[in-house]
Amino acid sequence: MGLNCVGHAGIIGRSDFPLKLFSSGYGRIFDPCTAMIFDTVNLPRNDFQLALRAIEDCQEPRYQSDLDAVINAVTSRQREYIAGRVLARELLGRLGVDAQTIASGPKREPLWPKGVVGSISHNELFCAAVVAQNSVVTSVGIDIETTGRIDRQLWGHSFTEEETEHLLQLEPVAQLRQATLFFSIKEAFYKYQFPITQSWVGFRDVSVHQEDASLYRLTAQISDATLANTVLAVVESVGTDQVIALVIDESVLKAANRRD
Ligand SMILES: CC(C)(COP(=O)(O)OP(=O)(O)OC[C@H]1O[C@@H](n2cnc3c(N)ncnc32)[C@H](O)[C@@H]1OP(=O)(O)O)[C@@H](O)C(=O)NCCC(=O)NCCS
């Protein structure tokens, strides 16, 4: 899948190179570029902005409200929080939305400007953010995970019996990746559903079913079960050891595909 390479001031090129280089040097290679993910999803850029960037390349400009929010946190937490805000603010700017403050709610949920939905994720190296006009989408959820973090001991807590059965049929390498994907999709779904339900959802309350190489459907045993029926998860590999999942309204994906 091709990736767009985007600088701070806009699109400066389009290339397949970041995927190859992701595995061999991360941050420096991405400076000053941002890998645009999910190119094939074909979301309308006027309404959606989505990006992945190395945390180290995403530390400026800092806003006092961001610093205040993590003033007592350890340095790594301060850096990931600031990176998420810096990236989200840049993406909001591309939608024409000026956000001085993107505060966190009582359950850690980002509080987006009026008329906008969004989601943030980070791991040790990267942060990912998505923002969208809520006139075109109900909510969005994004999650990035490092492959291999979800070992067998976590399966019982994280996966349904059907998911476990599926994982057991896979070779070890595929199993590690698939377990990470299932987990990431569920976390992305949690972030999608929280602004709507304000509710906790357990990992085993949600089942993930593969539709094709990069598309997954969800079902959920939650108070608003229809919520999971109306979304799809799109996944992508980032280099050899990271996966990223986006949960989004099925209707938006279908409309995007029709534009192809
Ligand atoms: C909240 C949770 C999903 C975050 O995932 P994570 O892998 O730990 O961390 P990530 O870096 O991917 O995401 C963290 C970001 O998620 C966002 N987030 C946190 N809580 C959120 C919530 N309740 N609603 C929406 N977004 C939330 C925040 O932006 C946060 O970053 P920030 O604090 O710097 O702003 C996870 O910690 C959790 O509690 N999971 C349990 C519930 C769950 O996932 N159930 C799955 C079945 S639906």
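The values are calculated or read from the model by the stated rules, or taken from the named source; none is laboratory data. Keep in mind that this is a model prediction, so the values were computed, not measured. Every residue, glycine among them, receives a Cβ derived from its backbone with ideal geometry; neighbour counts consider all protein chains shown.
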Quick one: would you say Phe189 is more than 14 Å from the chain's Cα centre (by Cα), near the ligand (Cβ under 8 Å from one of its atoms) and part of a helix (DSSP H, G or I)? no
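Of everything in segment 63-85, what is within 22 Å of the chain's Cα centre (by Cα) and part of a loop (DSSP other than H, G, I, E, B)? Give them in sequence order.
Within segment 63-85, Val70 is the sole residue that qualifies.
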Sort out which residues of segment 108-143 are more than 10 Å from the ligand (Cβ to nearest atom) and touching a Lys or Arg at 6+ places or on another chain (Cβ under 7 Å), and write them in order of number. none
Hey, among Ile37, Ile82, Ile29, which residue is modelled with pLDDT of 95 or more and at negative phi? Ile82
So, Ile144, is that one assigned to a strand (DSSP E or B) and not assigned by TED's automatic domain parsing to the domain that holds Ile37 or not? yes
Condition first: assigned to a loop (DSSP other than H, G, I, E, B) and within 16 Å of Ala51 (Cβ to Cβ). Can you find one or more residues in segment 101-109 that meet it? yes
